[in-house]
Each structure stands twice: as structure tokens, then as C-alpha cells.
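Inspection log for the structure reproduced underneath, given as C-alpha cells.
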Amino acid sequence: MILRIVRGRILPGRRDLARAGLVESFSQVRELAGLVQAHMALRNVDEGNDFAVISTWTTPDAAMAVFGRNVDRVASIPGVSEHLDFRSVDHFEIDESLLIHAGEPPTVARIAVGSVELGNDVEIQQEIRTRMGALGGEVAEAYVGRRIRDRTVEIAFVSLWAGRPADRPLDEPLWHDVAERYDSYWIEVYDEVYRA
């Protein structure tokens, strides 16, 4: 499976317009062939309002059927796309057996991506997969993905939560001993989630 993460910023003064368009038209996205799931997440930051579209696809071919050979292209969603400044499109290979489903719909999305030298990634990925089940009942879905860039492997751990857990901050590493093994990493937390 393929994990696709599109990130960017909502244009100034357009958050309410983007949210209204999202509620109106994002449901059409679920009809795309090969799409397993899609969520749009929003967050407030000092510089404005960020968004992330997190989707999973059955195969790379399924994503290419929608986006063309240039899978970094962004599909237009009427009533939404015109209010957004797209900044990045990232793809990761994921293991489909790592989906966790809870009874509650997600309200919080967490994206964490760490980089390590090629060859040092296998243990980290396995460690994350082993620990995912112990995160607790607030987790609705979680994915571990990877992509290779030159001699570096980027490992993505995306988790969708039914609410912010009381026992841990989501804007910090969930497992400090794992985070210490990365050469670098970043974390983003979004407090508003819409499912396609």
C-alpha cells in the first residue's frame, strides 16, 4: 500500500471557506478507485493555518491512475483547493497489516517523520510496529511507512486519534528511545480531522 501526505497552508483569511468547501465536497474523494481512506486535517500555527491530506492507496498504480505519472500532482477539490497553498507531496510504502481501527472517529492527526542512514531503518520500523498496539484505545488508525532517498531512509509514523490522550503529549516523541536513533525528525499534530 501507499501512504500519501499532502501538506500546506490555508491562504490568509480563508479557513472558514476552506472548511465549508471541505465539508461539502471532500466526501466525493472516497469514490476514487484504489483509495483505501483519506483524511484532511487542520491546525493553527503562529504563521497561520496548516493542512494535511493523509490518504492510503491500494497500489502505486492506483495512485497513478488518479494523479497521472507525476504522482506529486495535487488533485483539485472544488470549494477547497482554491483556498490552499500546497507545499509538499510525500509518498511512503506501508504494510497494510498495520492499520488499527477503533470505534471512535479520529479528531486528532499526528504525523512524525524521521531520517536515518540506509540500513539503520529496519530495527526502528520493527520497534514502532511492535509498540503500536500498546498506544491505547484513543488510536483509531496508525501507519508505519518508509521511503528511500539516496543513502537515507525516511520513516513515517502517522497516527489518527479519537482524542488527545491524557497520558502523553502528541507533539513530542511517543517513544524517546526510538526518536534518539533518528539523525533528524519532525512532528506535526492537527486538531481538526475530516474523513472522506
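Since every read-out is calculated from the coordinates, none of them should be taken as a lab result. Because the structure is a prediction, the values reported are computed rather than measured. Neighbour counts run over all protein chains shown; Cβ positions are idealised from the backbone, glycine included.
Give the residues of region 147-172 that are over 21 Å from Tyr190 (Cα atoms) and within 16 Å of the chain's Cα centre (by Cα), sorted by residue number.
Arg147
Which members of region 1-54 meet the condition of being among the basic types (Lys, Arg), surrounded by 15 or more Cβ atoms within 10 Å (Cβ to Cβ) and farther than 11 Å from Glu192 by Cβ?
Scanning region 1-54 gives Arg4, Arg7, Arg9, Arg14.
Could you check, for region 160-167, whether at least one of its residues is part of a strand (DSSP E or B) and closer than 18 Å to Arg7 by Cα?
Looking for residues that are part of a strand (DSSP E or B) and closer than 18 Å to Arg7 by Cα, one finds at least one in region 160-167, hence yes.
Is one or more of the residues making up region 94-101 without any contact (Cβ under 8 Å) to a residue 24 or more places away in the chain, outside any strand (DSSP E or B) and either closer than 20 Å to Ile2 by Cβ or in contact with a helix residue (DSSP H, G or I) (Cβ under 7 Å, 6 or more places away or on another chain) (or both)?
For region 94-101, residues without any contact (Cβ under 8 Å) to a residue 24 or more places away in the chain, outside any strand (DSSP E or B) and either closer than 20 Å to Ile2 by Cβ or in contact with a helix residue (DSSP H, G or I) (Cβ under 7 Å, 6 or more places away or on another chain) (or both): present.
Does Ala140 meet the test of being touching a residue at least 40 places away in the same chain (Cβ under 8 Å), surrounded by 15 or more Cβ atoms within 10 Å (Cβ to Cβ) and in contact with a Leu (Cβ under 9 Å, 6 or more places away or on another chain)?
yes
Out of all the residues in region 27-58, which are outside any strand (DSSP E or B), under 22 Å from Phe92 (Cβ atoms) and of a type outside the set (D, E, K, R)?
Val29, Leu32, Ala33, Gly34, Thr58
Can you tell which of Ala18, Ala63 is hydrophobic (A, V, I, L, M, F, W, C), touching a Phe, Trp or Tyr at 6+ places or on another chain (Cβ under 7 Å) and part of a helix (DSSP H, G or I)?
Ala63
Check Leu170, Leu174 and return the single one that is in contact with a helix residue (DSSP H, G or I) (Cβ under 9 Å, 6 or more places away or on another chain), of a type in the set (A, V, I, L, M) and part of a loop (DSSP other than H, G, I, E, B).
Leu174
Anything in region 1-18 that is within 28 Å of Phe157 (Cβ to Cβ) and out of contact with any His (no Cβ under 9 Å at 6 or more places or on another chain)? List them, or say none.
Met1, Val6, Arg7, Gly8, Arg9
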